[in-house]
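Engineer: Once you've had a glance at the structure underneath, I'll fire off some questions.
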Amino acid sequence: MQKYIYKIVTLFILGIISSCGDKAIKSNENGASETQTDDRIQITQVQFDQNKMEIASMTESDFPVMVTTSGMIDVPPENRAVVSATMGGYIKTTPLLIGDKVRKGQLLVTIENPEFVSLQQQYMEVNGQLSYLKSEYERQQTMVAENITSTKSFLKAESDYKTGIAKYNGLRKQLGMLNISPEQVEKGNISSVASIYAPIEGSITSVNVSKGTYVSPATSIMEIINNDHIHLELSVFEKDIMKVKKDQEVVFRIPEASKEVYKAEVHLVGTSIGENRTIKVHAHIENEDDANFLTGMFVEANIITETSKQMSLPSDAIAVVENESFVLLLEEKKGDTYYFKQVPIKTLGSYKNRTSVSISSTLKQDAQFLSKGAFSLIGE
């Protein structure tokens, strides 16, 4: 009797296990079916129209071959001036600050030094002696012509006169460099203060002194930069310089200030290798008046050396998820429903809102993709 009961219980348990296995298989089969369906993204025609989605195919486009470089915004040498003193002295007045705009010839600083007084004193002494030396020279010239005086006396008078003229002209030039008027000194107006004026028009970019500071001729008092004409000063590596030629297009941006892309044109290519095995390339900026560039700004630039034909898609058709690029491939359309498959793609570069892509067995040349609205669907 117990054997029969044992057999009945065993068969009952095996039946339950078999039943559960069948259900699991069905569940797995149903799950696989659902996974296959969910693997594709379905978009109805109403959704497609409401979200203004678009479909596009790969087309052949021109893509530039570029040399990547970096540099800075700069000005020509004649638009940059370092202000210094002709002779040493103590700063008496310095009324200007960094950022102030100055015109050419505007007073920048005044310098005081007792040596300026000595210089003017020497000038007045030489100026006073010059008329006597000239008169003596002319007298000796007449006398030597009539054999009344010796040639030696004439030569001494001539030497003294010419030496006096040289001292007079030299001291007058020094006063002019100090911006002290020789005419005022001749009238007896002696000053211990010299003025320094702006050599160019522009903006003050640095002030290195304050009132009472002693400056020598080697001291940089301040710097003035005129931004009326700015350019790019790029550093191109030696390995790329043979590709760079005059009149090639340059696209650049200021990474620390703006995402906007600007254009320039190669104007000069350096002929010597400098630091870090680089060559300087000078480029003129297009529409430079429209951009508020400042001298010294760091730029990232690409010099376009040539173009090549490559298959491409609109950049909006490609979405990047965790550093991997994806597109939505249109597999089929049934009735009012689009079926898209998310597939990875290899991009080769972007230019003017188009991205170059690598053709593979998955991505055939005649394939169609969701070109607008893909970003919001990829990765969901």
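The values are calculated or read from the model by the stated rules, or taken from the named source; none is laboratory data. Quick caveat: nothing in here was measured; it's all calculated off a predicted structure. For neighbour counting, all protein chains shown are included, and Cβ atoms are generated from backbone atoms with ideal geometry for every residue, glycine included. The accessibility values were calculated without ligands, DNA or RNA, using every heavy atom of the protein model including side chains. Shrake-Rupley method; radii C 1.70, N 1.55, O 1.52, S 1.80 Å.
Engineer: Starting from the Cα coordinates of segment 238-380, work out the convex hull volume and express it per residue in Å³.
Structural biologist: Details: hull volume 25.9 nm³, N = 143.
In segment 238-380, the Cα hull volume divided by residue count equals 181 Å³.
Engineer: Output the direction-averaged projected area (hull surface divided by four) of the convex hull of the alpha-carbon atoms of segment 192-303, in nm².
Structural biologist: Details: hull surface 39.8 nm².
If I average the Cα hull's projected area over directions, I get 10.0 nm².
Engineer: OK, next. Round to the nearest 10 and report in Å² the accessible area of Ile304, as given by a 1.4 Å probe over the protein chains' heavy atoms.
Structural biologist: Rounded to the nearest 10, that gives 20 Å².
Engineer: Right, here's the next one. Could you put Ile98, Ile221 in order of accessible surface area, largest first, with the 1.4 Å probe and the full protein assembly present?
Structural biologist: Working: Ile98 110, Ile221 0 Å².
Ranking Ile98, Ile221 by accessible area, largest first, yields Ile98, Ile221.
Engineer: Hey, how many Å between the Cα centroid of segment 313-375 and the Cα centroid of segment 58-121?
Structural biologist: 53
Engineer: Can you tell me the equivalent ellipsoid semi-axes for the chain? Use √(5λ) from the Cα gyration tensor, largest first, whole Å.
Structural biologist: 90, 25, 18
Engineer: Also, quick follow-up: Report, please, the projected area of segment 174-251 averaged over directions, based on the convex hull of its C-alpha atoms, in nm².
Structural biologist: Details: hull surface 39.7 nm².
That works out to 9.9 nm², a quarter of the Cα hull's surface.
Engineer: With θ set to phi - 60° and the Karplus curve 6.51 cos²θ - 1.76 cosθ + 1.60, what are the ³J(HN,Hα) couplings of segment 126-141 in order, to the nearest whole Hz, using x for Gly and Pro?
Structural biologist: The phi angles translate into 5, 5, x, 7, 5, 5, 5, 5, 5, 4, 5, 5, 5, 5, 5, 5 Hz.
Engineer: Which pairs, out of Lys101/Lys211; Lys239/Lys364; Lys263/Lys341, put more than 32 Å between their alpha-carbon atoms? Provide the component values of the computation, followed by the final result.
Structural biologist: Details: Lys101/Lys211 20 Å; Lys239/Lys364 36 Å; Lys263/Lys341 39 Å.
Long pairs (Cα-Cα over 32 Å): Lys239/Lys364; Lys263/Lys341.
Engineer: How big is segment 274-336 on each of its three principal axes, counting only the C-alpha atoms and giving the largest first in Å?
Structural biologist: On the principal axes, segment 274-336 reaches 63, 33, 28 Å in Cα extent.
Engineer: Same structure again: Quick one: accessible area per residue over segment 288-378, 1.4 Å probe, rounded to a whole number of Å²?
Structural biologist: Working: 5150 Å² over 91 residues.
For segment 288-378, the per-residue accessible area is 57 Å².
Engineer: Nearest 10 degrees, 0 to 90: what angle lies between the long axis of helix 2-38 and the longest principal axis of the chain (Cα atoms)?
Structural biologist: Roughly 40 degrees between the two axes.
Engineer: Something else: On C-alpha positions alone, give me the angle between the axis of helix 151-177 and the longest principal axis of the chain, in degrees, nearest 10.
Structural biologist: Here the helix axis deviates by roughly 40 degrees.
Engineer: Given a 1.4 Å probe and heavy atoms of the protein chains only, how would you sort Leu96, Leu234, largest accessible area at the top?
Structural biologist: On the way: Leu96 25, Leu234 0 Å².
My answer, sorted largest first, is Leu96, Leu234.
Engineer: Treating only the Cα positions of segment 221-282 as identical point scatterers, give the base-10 log of I(q)/I(0) from the Debye formula at each q in 0.14 Å⁻¹.
Structural biologist: Reported log10 I(q)/I(0), two decimals: -0.52.
Engineer: To the nearest 20 Debye, how big is the dipole of segment 223-304 about its Cα centre, given +1 on the beta carbon of each Lys and Arg and -1 on that of each Asp and Glu?
Structural biologist: Working: 9 positive and 16 negative charges, 101 e Å.
Approximately 480 debye in magnitude.
Engineer: Where does each of Met222, Met143 land when they are ordered by accessible area, with a 1.4 Å probe and the largest first? Let's see the in-between values first.
Structural biologist: Numbers: Met222 0, Met143 45 Å².
Putting Met222, Met143 in descending order of accessible area: Met143, Met222.
Engineer: Accessible area of segment 151-255 with a 1.4 Å probe: how many percent of it is carbon plus sulfur?
Structural biologist: Details: 2950 of 5620 Å².
After summing per-atom areas, the C and S share lands at 52 percent.
Engineer: Need one number for segment 303-380: average projected area of the convex hull over its C-alpha atoms, nm².
Structural biologist: 6.3
Engineer: Mind putting together the pair-distance distribution for segment 93-235? All Cα pairs, 5 Å bins, whole percent per bin, short to long.
Structural biologist: For segment 93-235, the pair-distance distribution reads 2, 9, 14, 13, 12, 11, 9, 8, 6, 5, 5, 4, 2, 1, 0, 0.
Engineer: Now a separate question. How much accessible surface does Glu286 have with a 1.4 Å probe, in Å² rounded to 10?
Structural biologist: Accessible area, nearest 10 Å²: 90 Å².
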